[in-house]
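J.: The following block contains the structure, expressed as structure tokens.
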Amino acid sequence: MSIHDLKFLQEKVNKLKEDGVYRVLPVLNGKNSSTIVLDGKEMVNLSANNYLGLANDPDLKKRAQEAIEKYGVGAGAVRTIIGNMDLHEELEKKLAIFKKSPRAFIFQSGYDCNIGTIQAITEKGDLIISDELNHASIIDGIRMTKADKAVFKHSDMEDLERVLVEAQGKYKTILIITDGVFSMDGDLAKLPEIVKLAEKYNALTYVDDAHGSGVMGSHGRGTVDHFGLHDKVDFVIGTLSKAIGVKGGYVACNEVAYEWLNHRARPVLFSTTLSPGDTAACIASVEKLIESDELQKKLWDNAKYFKEQLGKLGFNTGHSETPITPVIIGDEAKTMEFSKKLREYGVFGSAIVFPTVPRGTGRIRCMISAAHSKEELDKAVKAFELAGKDMGIL
Ligand SMILES: *Cc1c(COP(=O)(O)O)cnc(C)c1O
């Protein structure tokens with residue numbers, strides 16, 4: 001046996017298979033829209049983060065194509081050397097206007113944004129306090145700093161206050177980090193209370209609004225806008241890959257934070273910036289959101305309709321406050337089986353089970369979009385009904 005057989009990895013892969021968690025990725029044949037062709041079969045898609053259908057918007061495609069003609073397909077360098085195009089500057093300006101923030105600083109993804117920002121703004125002698133259900137990219141970002149870390153129970157304000165009280169006088173800077181929308185249940189962070197506690201205990205606030213941008217607040221300005229907390233949250237993170245429909249991430253922040261990130265955000269210093277096509281499409285997308293809230297309205301109407309229909313059938317759709325609709329099945333194996341049944345009935349709804357969510361709360365997580373037609377939603381509801389009856393759940 002040769003060392004190059006990577007036996008240590010083979011053992012791990014075998015274990016995945018034994019545990020029944022080995023995955024084969026489904027293959028999309030064509031675009032990611034409200035109906036998809038998956039492994040050759042047409043299905044209603046309930047799993048994309050393309051909330052507003054903008055990933056396939058003709059205006060966005062046209063702007064990307066024009067930018068590719070003018071600027072080429074790649075930015076050619078990291079931004080801090082010679083990759084910074086007027087397009088990138090324009091996107092940042094548009095995002096700042098959209099978010100009603102002094103500045104916005106872009107990254108290649110929401111993931112990079114958390115990795116880069118958290119590390120750049122904290123150091124040894126600081127404390128980061130994080131909600132236990134925060135996204136993996138926040139957890140990874142926190143792992144990369146030399147600051148101390150503390151976790152508070154999910155949306156538990158007493159627990160957050162306990163940590164803040166214990167930390168008083170021990171740190172230079174305290175930073176509270178939370179998701180704006182929690183993606184597994186669709187619940188919102190208690191931002192008004194978090195901001196109040198931050199003020200009381202002199203802490204900074206950092207909200208990752210990946211699932212809130214384009215969805216919550218006026219024209220999709222996000223969870224901070226929804227709660228009327230502009231100027232009260234120091235760092236607001238958004239992704240350009242979910243509702244915005246393209247690729248990238250950004251942090252809305254003040255002027256000095258922008259200047260510092262320009263010098264110290266490692267994903268920007270050491271990795272090539274967004275491509276011209278992506279950047280131009282993002283600009284077109286943000287312009288659309290600023291101009292009209294028609295897509296948000298359609299999104300919320302669709303979500304309301306879908307939740308009502310499933311509720312009428314007797315399904316438990318949890319306590320979501322957003323278009324994210326978890327349909328709780330419970331048992332892990334049953335949830336996987338339910339997802340398989342849905343596929344047989346022409347609907348793709350991904351099963352989310354332990355360890356991503358607590359044991360016994362397996363769910364089909366439905367991501368409703370403005371692009372779903374009434375017919376597609378009805379087809380999805382029918383599939384849930386048939387699968388529920390087949391499995392003796394209804
Ligand atoms: C999706 C998501 C990200 C990552 O965004 P990408 O642009 O896909 O890298 C970061 N944070 C949260 C809360 C997310 O839901």
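J.: To the nearest 10 square angstrom, what accessible area does Ser155 show with a 1.4 Å probe?
T.: 20 Å²
J.: Label point 7 Å out from Met144 along Cα-to-Cβ: which residues of region 248-267 have amide N under 17 Å?
T.: Counting only backbone N, you get 248-252, 258, 260-267.
J.: Quick one: how many Å² of Glu158 are accessible to a 1.4 Å probe, rounded to 10?
T.: Its accessible surface works out to 150 Å², give or take rounding.
J.: Putting +1 on Lys and Arg Cβ atoms and -1 on Asp and Glu Cβ atoms, find which of Pro58, Val151, Thr279 reaches farthest to the positive end of the dipole of region 58-291.
T.: Thr279
J.: Quick check on the chain: take the gyration tensor over C-alpha atoms, sort the square-rooted eigenvalues as a ≥ b ≥ c, and tell me if it's rounded (a/c under 1.5), prolate or oblate.
T.: rounded
J.: Show which lysines lie in cross-link reach of Lys307 when reach means a straight Cα distance below 17 angstrom and same-chain residues fewer than eight apart are skipped.
T.: Hits, sequence-local ones excluded: Lys297, Lys298, Lys374, Lys379, Lys382.
J.: Among Ser101, Ile3, Ile139, whose Cα lies farthest out toward the positive end of the dipole of the chain, if unit charges sit on the beta carbon of Lys, Arg (+1) and Asp, Glu (-1)?
T.: Ile3
J.: Send over a whole-number figure in Å² for the accessible area per residue of the chain, probe 1.4 Å.
T.: Per residue, the chain has an accessible area of 47 Å².
J.: Right, next: Taking the mean number of other Cβ atoms within 10 Å as a proxy for protection, how do you rank 132-145, 58-71 from highest to lowest? Present the calculation step by step, with values, prior to reporting the outcome.
T.: Details: 132-145: 18.1, 58-71: 15.4.
Ranked from most to least packed, the peptides come out as 132-145, 58-71.
J.: Follow-up question, since we're still on this one. Between Ala77 and Lys200, how high is the FRET efficiency from 1/(1 + (r/R0)^6) when r is the Cβ-Cβ distance and R₀ = 51 Å? Nearest 0.05.
T.: 0.65
J.: Nothing charged except the Cβ atoms of Lys and Arg (+1) and of Asp and Glu (-1): what's the magnitude of the dipole of the chain about its Cα centre? Round to the nearest 20 debye.
T.: Working: 51 positive and 55 negative charges, 106 e Å.
Computed about the Cα centre, the dipole is about 520 debye.
J.: Quick one: compute the contact order of region 3-156, relative version, from alpha carbon pairs under 8 angstrom and 6+ residues apart, as a percent.
T.: Normalised by residue count, the contact order of region 3-156 is 11 percent.
J.: How big is the accessible area of Phe227 in square angstrom, nearest 10, if you roll a 1.4 angstrom probe over the protein chains?
T.: Per-residue accessible area (Phe227): approximately 70 Å².
J.: About its Cα centre, how strong a charge dipole does region 1-108 have in debye, to the nearest 20, once Lys and Arg get +1 and Asp and Glu get -1 at the Cβ?
T.: Values: 17 positive and 14 negative charges, 58 e Å.
Using Cβ point charges on Lys, Arg, Asp and Glu, region 1-108 gives about 280 debye.
J.: Here is a follow-up. If a/c stays under 1.5 just call it rounded; otherwise compare a/b with b/c (prolate if a/b is bigger, oblate if not). Do that for region 166-214, with a ≥ b ≥ c from the square roots of the Cα gyration tensor eigenvalues.
T.: Values: a/c = 2.73, a/b = 2.42, b/c = 1.13.
Here region 166-214 falls in the prolate category.
J.: Rounded to the nearest 500, what is the 222 nm mean residue ellipticity of the chain from helices alone, with -39500 (n - 2.57) per DSSP H run of 4+ residues and division by all residues?
T.: -13000 deg cm²/dmol
J.: Counting pairs of alpha carbon atoms under 8 Å apart in space and at least six apart in sequence, what relative contact order in percent does the chain give?
T.: For the chain, the relative contact order is 22 percent.
J.: Let me ask something else. Counting only Cα atoms, I'd like the Rg/Rh figure for region 23-86, Kirkwood definition for Rh.
T.: Details: Rg = 16.4 Å, Rh = 14.6 Å.
On the Cα set of region 23-86, Rg over Rh gives 1.13.
J.: How big, in percent, is the set of alpha carbon pairs in region 54-121 lying more than 21 Å apart?
T.: 37 percent
J.: Can you send over the carbon and sulfur percentage of the accessible area for the chain, probe radius 1.4 Å, protein chains only? Intermediate values should be presented prior to the final figure.
T.: Details: 9860 of 18610 Å².
Of the solvent-accessible surface of the chain, carbon and sulfur hold 53 percent.
J.: Tell me whether region 256-347 comes out rounded, prolate or oblate; compute the Cα gyration tensor, take square roots of the eigenvalues as a ≥ b ≥ c, and use a/c under 1.5 as the rounded threshold.
T.: Note, shape of region 256-347 comes out prolate.
The values are calculated or read from the model by the stated rules, or taken from the named source; none is laboratory data. Remember, it's a predicted structure, so these values are computed and weren't measured experimentally. Note that we place each Cβ from the backbone using ideal geometry, even for glycine, and neighbour counts take in every protein chain shown. For accessibility, only protein heavy atoms count, side chains too; no ligands or nucleic acids. Shrake-Rupley method; radii C 1.70, N 1.55, O 1.52, S 1.80 Å.
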